[in-house]
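The values are calculated or read from the model by the stated rules, or taken from the named source; none is laboratory data. Since the model is a prediction, treat every value here as computed from it, not as a measurement. For neighbour counting, all protein chains shown are included, and Cβ atoms are generated from backbone atoms with ideal geometry for every residue, glycine included.
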Amino acid sequence: MTKPQIFAISALAALGALSAIPASAHPGHGIGSPHAHLSEPGQKAGAVTPLHEVEKAMRDHHPVKGPLKPGLKSFHDTLHPLWHDYFPKKDYGSIKAKVGELERKARELAAVPLPPSARAQRAKRDALSAAVKDLTASVQDDKKFASAFAKVHEAFEALSLAARDR
């Protein structure tokens with residue numbers, strides 16, 4: 001993955017564009033698809049790069065630093081299996097069992113003091129807190145819960161991106 005590709009993916013992720021690709025635009029690679037459509041050197045134009053490789057390249061190139069790092073890691077440790085193991089299987093019961101833990105970890109993140117210059121991080125952190133609150137309010141309706149959980153994941157990714165050293 002080249003630095004310009006990493007930057008492009010970072011920008012698209014920050015804008016939410018990666019999760020907003022309609023399924024009709026890329027058959028088999030629609031919303032929630034674990035792929036990014038960027039070619040690697042030596043790949044045929046339009047080749048698909050697995051999104052986990054893009055995410056790893058972003059983490060390696062732009063590590064999370066600063067006061068949010070421990071809280072983001074803790075939140076991620078809970079969110080990761082829910083998103084990658086249970087959500088694809090629509091195992092909402094297993095996710096709902098961890099909502100209280102997500103709430104607690106979101107409160108811990110919200111309590112971390114940030115410098116006045118960290119406006120973007122504060123805004124993204126507030127968005128994550130709101131998304132977790134909406135998740136809690138939606139536990140009685142699986143369709144709303146699934147949508148709210150996707151928004152929690154999206155908000156977490158946006159906060160993680162904002163917390164990376166640029």
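Side notes on the structure shown:
- When the criteria are applied in full, Glu154 meets the requirement of being touching a residue at least 12 places away in the same chain (Cβ under 8 Å), over 16 Å from Lys69 (Cβ atoms) and part of a helix (DSSP H, G or I).
- Residue in the range 118-130 that is part of a loop (DSSP other than H, G, I, E, B) and at pLDDT below 95 present: yes
- With respect to (1) within 12 Å of the chain's Cα centre (by Cα); (2) without any contact (Cβ under 8 Å) to a residue 12 or more places away in the chain, the lone exception for Lys144 is condition (1).
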